[in-house]
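Engineer: So that we are looking at the same thing, I have put the structure below in structure tokens.
The values are calculated or read from the model by the stated rules, or taken from the named source; none is laboratory data. Just so you know, these numbers come straight off a predicted model, no measurement behind them. Don't worry about glycine lacking a Cβ; one is built from the backbone with ideal geometry, like all the others, and counts go over all protein chains shown.
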2 protein chains.
Amino acid sequence: MYSQRAIDVGLGRRPADKVFGGGKLVNVFTAEVYEAGVAIAGDRIAAIGDVSETIGEDTEVIDATGMHIVPGLIDPHVHTEVTKMSITRFASVVVARGTTSVCTAFDQIAPVRGIDGIRYMLDEAADLPLRIFNPPPSKIPYTIPEGTLGASVGPDDHRIAMQWDEANGIAETTFDFIRAGDSDVIESIGLCEEHKLPVHGHAPFVTGLALGAYANCGARDDHECFSAEETIDKLRNGFYCLLREATMAFNLADCIKAVTEAGLPTRRVSLCSDDTDTSTLMRLGHMDHIVRRAIAEGVDPITAIQMVTINAADALRVDDQVGAVAPGRYADILLVEDLAAFEPSAVYSGGELVASGGELQVTLTPPERPAELLRTFSLTPVEPDDLLFRTDMEDGRVEAISMFIPPEIPLRLRRDVELEIRDGLVLADPSIDVSYVSVLERYNDTGSRSTAFMSGFSLSDGALATSLSPDDENVVCIGANTESMATAINRVIELNGGQVVARGDEVLAELPLPLAGIMSDISPAEMVEAEDRLIAAAGELGCGLANPFMWLIFLPITAIPQYALLDRGFVEQATLSFCSPLVRRV
Amino acid sequence: MYSQRAIDVGLGRRPADKVFGGGKLVNVFTAEVYEAGVAIAGDRIAAIGDVSETIGEDTEVIDATGMHIVPGLIDPHVHTEVTKMSITRFASVVVARGTTSVCTAFDQIAPVRGIDGIRYMLDEAADLPLRIFNPPPSKIPYTIPEGTLGASVGPDDHRIAMQWDEANGIAETTFDFIRAGDSDVIESIGLCEEHKLPVHGHAPFVTGLALGAYANCGARDDHECFSAEETIDKLRNGFYCLLREATMAFNLADCIKAVTEAGLPTRRVSLCSDDTDTSTLMRLGHMDHIVRRAIAEGVDPITAIQMVTINAADALRVDDQVGAVAPGRYADILLVEDLAAFEPSAVYSGGELVASGGELQVTLTPPERPAELLRTFSLTPVEPDDLLFRTDMEDGRVEAISMFIPPEIPLRLRRDVELEIRDGLVLADPSIDVSYVSVLERYNDTGSRSTAFMSGFSLSDGALATSLSPDDENVVCIGANTESMATAINRVIELNGGQVVARGDEVLAELPLPLAGIMSDISPAEMVEAEDRLIAAAGELGCGLANPFMWLIFLPITAIPQYALLDRGFVEQATLSFCSPLVRRV
């Protein structure tokens, strides 16, 4: 990136604005740690090494003695809306912890407001000390088959977004789209080629010949490795592997064995947070936490730092801008005393001090919200009867598929259960941990909704509802009975978005999410309290999951094996088609 | 790169066209060597690993038993015209030796015919089994100050070229342009940023703060490292270092110590041939030779292969297309029995066998040449007197600067010599190895020409002239006397371009270069014979240089320390300005 100001500093024509002196540079290109100064010109790094000659009368000299000078951290794959925080609030949390760049699709606001919603997020982020690289979703609806949405995203939108400064290709180009030969996605891939922008991937469990097929769509990276074997296969096939350590998906421990045990080179290995709630960010941290996790798994600290700096920048093809403390890059810099402990003491974004001691040093204020983003619901309140599972079958018993969640892996596997048919209804059975689960279209009041069965939440009573629910952001509700479900859903509607726990006609806990029905401007501390209250309330209903909403919200994603639920029905991921959860009479 | 055909093979919907079986894959991503098959679909790699399921009735199975399967080699920085071969002939030589991609500016035809000349070369190359990535020159004239040329290249040309499939940014963005703040070059850098295309660098001996300044122009790589220290500094500053092993510049041995002795990681280290004559290619090889050289210097074979495959592809930002035997990439594949010996036994380009046993297996025929590319001279023959060095000084002696070439490094250093002034002329003095050297504008018959002094060729008589002469492709001539020089120059004019050795009025040896005055369609074997004849003839004149024309042709490049000669005068590189070679009377 051309910077006359930085050139002039390097050529001795003007002094540096700031100089870091006395510290040890962590050079991610050479994997060296050595004493070096860093000269700053505006928002750029002008020079590294012996920069004493760049110090003028007005140069601010920052004493980095005893500190390591480390590049600002990059999260190459994160869905910021899943924290339920607005991007301003999200930045306030992660910047304080050393993250200075994220690659994010804003694909949760996209089903609500389309490309305009994404642009709205980018405009809000423009003045934040957090650099955003934006690959809009490869296609909205993401799901196959499609759900009912408030907005779509396709090639015509990509044509616009690829002109933006934040453009970074397209996100979540799922294997399913390629397998299905989706013509819109193929067209958007062509636009990426034309604009030299990356095609970001999504291919859980895809290996071998299918992985070869997938690579031939042009996907550059993948954040869906579940094992060392899968990671090794994807690295061999040329993918950048963004190993995930999310709130619910702890893939790092297994996948990192491709490095720590198989000993593979790490240049195409990065780390990402993907889907994380605010409690995780506040209690454990963001990329700083994931760096510590990698070190704890046996990765050398310098290598771990490379993974979330230069490797991430290479994966995104933005290594000319970020990912290194080197001239020509933005002056996104951390001071870190102990590399192994990895607690950033100071964070500079674009040359400005923005956090120290883990505390933000700048005030980030969310903007006034326009009315059209605070009223995104068009859904008539429901009656309990609306949510029942109806059948033509006579009274008796039926073998049915109840989705269930295996420990420590966010899939929806098949559990075959026997349920009672009574009066044209198939009844959930909390005594054997089978709840109802419903998805309701919430944008157009079409009345499109579906019900299926779910296990793993062990609800004895009550219901949980959420309108943050990738990929469609429709209303998802699980309940032991439809009375509680109607209470929870109707409260979400009243709030114009939110998460609610209810029992009977009583709301036990709630979190309003008024911004697009998925986000809030409350403080991060308030968000953590709200997340705690919701979990505690779910616990009162017998729910044994540590974080039930983080399981619930993803139910409509059809790109995750084996089943999903859309407003239009129950989906089998293997065939990407609607099916009945009822197997056969018994 | 999206390929439906390759996707269909991976998904089992159609058989592979070809399958390599029984060989060991050199995986440049993981630095592993392991038994694996490779399935080909059209010109793409469809899958690697166990590909037995992709074999159908019509699949050609290639037995690679005992062979290593290696990616086709990439030369990330080469001036093909300097071989004096047309691109068709150049391809026939290098493809047989395992090179399947080159990044080349075609910056030698550019001063002759501008962007149209570059497009002409690309069109000729379009059907060759050699993939071309083309960054047009950052600016023509390259030199500061400017020489007199047949055509120029600037931002308006880059706007056109950046739309081409072969577009790869801009080449040779010299430190001098940045230091001088050249507004055209700055504009073209902006176009690269807009089009996400690389800015290729050129910064010999630039280190420290100046290197920081240079990095802030956005230059991604550099091929001008002369020592391990310079290489280390450039790697630390984030540059891709393309270590050079050219016909005259043997930088590899020193620079590679950054790896073999300093132990730096190699991900941003590549190798290039830059300026090479045909004899070097035919006798030693191209990138295969440079790989062997790296191995001889102590680089592990896998690492050396990475340098000229994936590392080069990363440097050029074309790792989605080439640089690995991995799905999604072009099927540019070598079979190599012994990795350390590195003699490619077979070469596949885009899935087709194009060479085996070092011999081309396809016929590459140069096209008919248009008249306007065969008549690019407009220069009236000269008289010996035209080439003398004139002065206002009275008879006596003068201290003068004679350029001289240090051993093994293609610079023009300063040698202070005493010369005689007689009758308004400063006389060369073969007895102390001081020849005349002249450059004559050859496009517009302006009569623009200059003379200076040169040592190192130890000519006792005669002259050498060439119209291949980066960066201007004007006529450059060195001679012990101006009679011989006029003979040589006038024969070059008659030939419409070429290289000539003359003594008195006799032509001792000549090589016509009719294509744009710089290239020929003669066979590579004939070219080697011609190069040998020219060198032998120069030897008859007392010239002790092993390869005098390879020293002579680069005299007009002002981006190389310390002096250059343009048709408009003698240039001091430190100040980028014209100066007199005369220092003072003695």
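Engineer: Restricting to segment A:188-219, and then to whatever is charged (D, E, K, R) and in a helix (DSSP H, G or I), can you tell me which residue is nearest to the other protein chains (Cβ to nearest Cβ)?
Structural biologist: Taking segment A:188-219 first, the residues charged (D, E, K, R) are A:193-194, A:196.
Now drop any that are not in a helix (DSSP H, G or I), which leaves A:193-194.
On the way: A:193: 6, A:194: 10 Å.
So, considering only residues that are charged (D, E, K, R) and in a helix (DSSP H, G or I), the one nearest to the other protein chains (Cβ to nearest Cβ) is A:193.
So that you can scan it fast, the table gives a plain yes or no per residue for (1) in a loop (DSSP other than H, G, I, E, B); (2) in contact with a Gly (Cβ under 6 Å, 6 or more places away or on another chain); (3) not charged (D, E, K, R):
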| residue | (1), (2), (3) |
| --- | --- |
| B:82 | no, no, yes |
| B:89 | no, no, no |
| B:92 | no, no, yes |
| B:95 | no, no, yes |
| B:102 | no, no, yes |
| B:107 | yes, no, no |
| B:113 | no, no, no |
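Engineer: Let me ask you something else. Kindly indicate whether residue A:46 is in a strand (DSSP E or B) and within 12 Å of chain B (Cβ to nearest Cβ). If you could, list the steps in order and put the result at the bottom.
Structural biologist: On the way: in a strand (DSSP E or B): yes; within 12 Å of chain B (Cβ to nearest Cβ): yes.
Taking the combined requirement at face value, the residue satisfies it.
Engineer: Could you count how many residues in segment A:301-325 are surrounded by fewer than 24 Cβ atoms within 10 Å (Cβ to Cβ), away from every other protein chain (no Cβ under 11 Å) and touching a Ser or Thr at 6+ places or on another chain (Cβ under 9 Å)?
Structural biologist: 1
Engineer: Does any residue of segment B:87-96 turn out to be under 18 Å from the mean Cα position of the chain (by Cα) and under 21 Å from residue B:442 (Cβ atoms)? Before you say what the answer is, go through the steps one by one.
Structural biologist: Keep residues of segment B:87-96 that are under 18 Å from the mean Cα position of the chain (by Cα), which gives B:87-95.
Those left that are additionally under 21 Å from residue B:442 (Cβ atoms): none.
No: zero hits.
Engineer: Going by what's in this entry, would residue B:176 be described as more than 14 Å from chain A (Cβ to nearest Cβ), at negative phi and touching a strand residue (DSSP E or B) at 6+ places or on another chain (Cβ under 9 Å)? Can you show your working first?
Structural biologist: Numbers: more than 14 Å from chain A (Cβ to nearest Cβ): no; at negative phi: yes; touching a strand residue (DSSP E or B) at 6+ places or on another chain (Cβ under 9 Å): yes.
Here the answer is no, as residue B:176 does not meet what is asked.
Quick grid of which residues meet (1) without any contact (Cβ under 8 Å) to a residue 40 or more places away in the chain; (2) crowded, with 17+ Cβ neighbours inside 10 Å:
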position: B:143; (1), (2): no, yes
position: B:151; (1), (2): no, yes
position: B:155; (1), (2): yes, yes
position: B:191; (1), (2): yes, yes
position: B:194; (1), (2): yes, no
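Engineer: Moving on. Quick one: which residue in A:298, A:263 is at positive phi and either within 14 Å of another protein chain (Cβ to nearest Cβ) or at pLDDT below 95 (or both)?
Structural biologist: Values: A:298 fails: either within 14 Å of another protein chain (Cβ to nearest Cβ) or at pLDDT below 95 (or both).
Selected residue: A:263, the only one of A:298, A:263 that is at positive phi and either within 14 Å of another protein chain (Cβ to nearest Cβ) or at pLDDT below 95 (or both).
Engineer: Against the condition surrounded by fewer than 24 Cβ atoms within 10 Å (Cβ to Cβ) and either more than 9 Å from chain B (Cβ to nearest Cβ) or among the small types (Gly, Ala, Ser) (or both), how does residue A:97 come out, does it pass?
Structural biologist: Working: surrounded by fewer than 24 Cβ atoms within 10 Å (Cβ to Cβ): yes; either more than 9 Å from chain B (Cβ to nearest Cβ) or among the small types (Gly, Ala, Ser) (or both): yes.
Yes: the conditions hold for residue A:97.
Engineer: Can you tell me how many residues in segment A:238-259 are in contact with a strand residue (DSSP E or B) (Cβ under 7 Å, 6 or more places away or on another chain), away from chain B (no Cβ under 14 Å) and assigned to a strand (DSSP E or B)?
Structural biologist: 4
Engineer: Would you confirm, using the coordinates I've provided, whether residue B:374 is modelled with pLDDT of 95 or more and either of a type in the set (Asp, Glu) or touching a helix residue (DSSP H, G or I) at 6+ places or on another chain (Cβ under 6 Å) (or both)? Before the answer, list the steps.
Structural biologist: Details: modelled with pLDDT of 95 or more: yes; either of a type in the set (Asp, Glu) or touching a helix residue (DSSP H, G or I) at 6+ places or on another chain (Cβ under 6 Å) (or both): no.
Considered against the rule, which asks whether it is modelled with pLDDT of 95 or more and either of a type in the set (Asp, Glu) or touching a helix residue (DSSP H, G or I) at 6+ places or on another chain (Cβ under 6 Å) (or both), residue B:374 comes out as no.
Engineer: I'd like to check something: does segment A:407-417 contain any residue that is loosely packed, with under 11 Cβ neighbours inside 10 Å, closer than 26 Å to residue A:549 by Cα and modelled with pLDDT under 95?
Structural biologist: Yes; the residues of segment A:407-417 include at least one that is loosely packed, with under 11 Cβ neighbours inside 10 Å, closer than 26 Å to residue A:549 by Cα and modelled with pLDDT under 95.
Engineer: Further, regarding this structure: Please count how many residues of segment A:443-457 are surrounded by 24 or more Cβ atoms within 10 Å (Cβ to Cβ) and over 19 Å from residue A:571 (Cα atoms).
Structural biologist: Residues flagged as surrounded by 24 or more Cβ atoms within 10 Å (Cβ to Cβ) and over 19 Å from residue A:571 (Cα atoms) within segment A:443-457 amount to 1.
Engineer: Quick one: would you say residue B:262 is in contact (Cβ under 8 Å) with a residue 24 or more places away in the chain, out of contact with any Pro (no Cβ under 7 Å at 6 or more places or on another chain) and not in a loop (DSSP other than H, G, I, E, B)? It would help to see each step written out before you state the result.
Structural biologist: Details: in contact (Cβ under 8 Å) with a residue 24 or more places away in the chain: yes; out of contact with any Pro (no Cβ under 7 Å at 6 or more places or on another chain): yes; not in a loop (DSSP other than H, G, I, E, B): no.
It is false that residue B:262 is in contact (Cβ under 8 Å) with a residue 24 or more places away in the chain, out of contact with any Pro (no Cβ under 7 Å at 6 or more places or on another chain) and not in a loop (DSSP other than H, G, I, E, B).
Engineer: Exactly one condition in (1) within 14 Å of another protein chain (Cβ to nearest Cβ); (2) surrounded by fewer than 23 Cβ atoms within 10 Å (Cβ to Cβ); (3) out of contact with any strand residue (DSSP E or B) (no Cβ under 7 Å at 6 or more places or on another chain) is not met by residue B:65; state its number.
Structural biologist: Among (1) within 14 Å of another protein chain (Cβ to nearest Cβ); (2) surrounded by fewer than 23 Cβ atoms within 10 Å (Cβ to Cβ); (3) out of contact with any strand residue (DSSP E or B) (no Cβ under 7 Å at 6 or more places or on another chain), the lone unmet condition for residue B:65 is (1).
Engineer: Just need a number here: residues in segment A:387-425 that are of a type in the set (D, E, K, R) and either closer than 30 Å to residue A:250 by Cα or part of a loop (DSSP other than H, G, I, E, B) (or both). Please lay out each step first, then the result.
Structural biologist: So in segment A:387-425, the residues of a type in the set (D, E, K, R) come out as A:390, A:392, A:394-395, A:397, A:399, A:408, A:412, A:414-416, A:418, A:420, A:422-423.
From the residues that got through so far, the ones that are either closer than 30 Å to residue A:250 by Cα or part of a loop (DSSP other than H, G, I, E, B) (or both) too are A:392, A:394-395, A:408, A:412, A:414-416, A:423.
Here the count works out to 9.
Engineer: I'm trying to understand the selection: among the residues of segment B:48-65, which are closer than 20 Å to residue B:334 by Cα and aliphatic (A, V, I, L, M)? Step through it out loud before you land on a result.
Structural biologist: Quick first cut of segment B:48-65, residues closer than 20 Å to residue B:334 by Cα only: B:48-51, B:59-65.
Matches in segment B:48-65: B:48, B:51, B:61, B:62, B:64.
Engineer: Next question. Looking only at segment A:1-29, count how many residues are within 11 Å of chain B (Cβ to nearest Cβ) and either within 19 Å of residue A:73 (Cβ to Cβ) or crowded, with 22+ Cβ neighbours inside 10 Å (or both).
Structural biologist: So the count comes out to 10.
Engineer: Which of the residues belonging to segment A:272-297 are free of Cβ contacts under 8 Å to residues at least 60 places away in the same chain and either touching a strand residue (DSSP E or B) at 6+ places or on another chain (Cβ under 7 Å) or among the small types (Gly, Ala, Ser) (or both)? Give the derivation first.
Structural biologist: Filtering segment A:272-297 down to residues free of Cβ contacts under 8 Å to residues at least 60 places away in the same chain leaves A:280, A:284, A:290, A:292-297.
Scanning segment A:272-297 gives A:290, A:293, A:294, A:296.
Engineer: Determine the pairs where a residue that is closer than 18 Å to residue A:293 by Cα and in contact (Cβ under 8 Å) with a residue 40 or more places away in the chain, located within segment A:330-359, has a partner that is part of a loop (DSSP other than H, G, I, E, B) and aliphatic (A, V, I, L, M) with Cβ atoms under 8 Å apart, the partner being 6 or more residues away or on another chain.
Structural biologist: Once the first residue is closer than 18 Å to residue A:293 by Cα and in contact (Cβ under 8 Å) with a residue 40 or more places away in the chain and sits in segment A:330-359, its partners that are part of a loop (DSSP other than H, G, I, E, B) and aliphatic (A, V, I, L, M) give A:336/A:67; A:337/A:67.
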